[in-house]
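I have placed the structure first, in the form of structure tokens, so that the comments after it can refer back to it.
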Amino acid sequence: MGKTLDRIAVVAAPLLARAIIRGLRLTMRLEFVNCGEYRKAGDEGRQVIFVFWHGRLLMMPYFYTGRGISILVSQSKDGELIAKTVEGFGMDSVRGSTTRGWFAGIKGLMRAARAGRDIAITPDGPKGPAQKAQMGAVQMAKATGLPIVPLTFGASKKKLSRAGTPFCCRTLFPGGSLSAASL
């Protein structure tokens, strides 16, 4: 009985999650802050590595407008649900994390980067510590030469005068400098 429920959950939960995310999106006005240079890079066909905190991934499918992205997702059961959810938004996932399947994750991200896809990583991962970046994204930037673009998503209560939900991004290059202007 438990395996049957697990199979149903793997199908139903991502459908429900996508419906909730799409429903939430209908209640928001999105505002993109400091993203001009990233958008320009996308228009010119340059790849990037996106990083965002694990606790901020809910609305990230609405940020990405590029030509293809592969997202590093844990090999856990929760990771399976996330992978199936983002798949419904047209995003590819690579399975692996620092605790399980890290080598497969690195190989998958490298393969995606060589194929011309952008890649996305939550540098703090599901086990944390929360909002403390591990070295994986920096190592991936060093190996691929791609710039790191930190993202965040925030929301505020709707105000009649100025409703908005900002996405913020800056570009961090493998050399360590933070600059949106030099991308």
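Read-outs throughout are calculated quantities, based only on the coordinates presented, and are distinct from any laboratory measurement. Since this is a predicted model, take the numbers as computed values, not measurements. Here Cβ is always computed from backbone atoms with ideal geometry, including for glycine, and neighbour counts include all displayed protein chains.
Details
- Likely footprinting exposure, I82, I71, fewest C-beta neighbours within 10 Å first: I82, I71
- Residue order for V73, V11, V33, fewest other beta carbons within 10 angstrom first, comes to V11, V33, V73.
- Three-way shape label, the range 2-169, alpha-carbon gyration tensor, a/c 1.5: oblate
- Database remark: amide H of S93 closer than 5 angstrom to the amide H of I71 (H placed geometrically; neighbours at sequence offset of 5 or more, or on other chains; Pro and chain starts carry no H).
- Shown in residue order for the range 104-114 are the 3J(HN,Hα) couplings computed by the Karplus curve 6.51 cos²θ - 1.76 cosθ + 1.60 at θ = phi - 60°: 5, x, 5, 4, x, 5, 5, 4, 5, 5, 5 Hz (x for Gly and Pro).
- Under 14 Å from the A9 label point (7 Å along Cα→beta-carbon), backbone N, the range 73-88: 76-82
- Nonlocal amide H pairs with E31, under 5 Å, H built at 1.01 Å: T165, F167
- Per-residue ³J(HN,Hα) for the range 137-147, Karplus 6.51 cos²θ - 1.76 cosθ + 1.60, θ = phi - 60°, Hz, x for Gly and Pro: 5, 5, 5, 5, 4, 5, 6, 9, x, 7, x
- Order of Y38, Y64 under a 10 Å beta carbon neighbour criterion, fewest first: Y64, Y38
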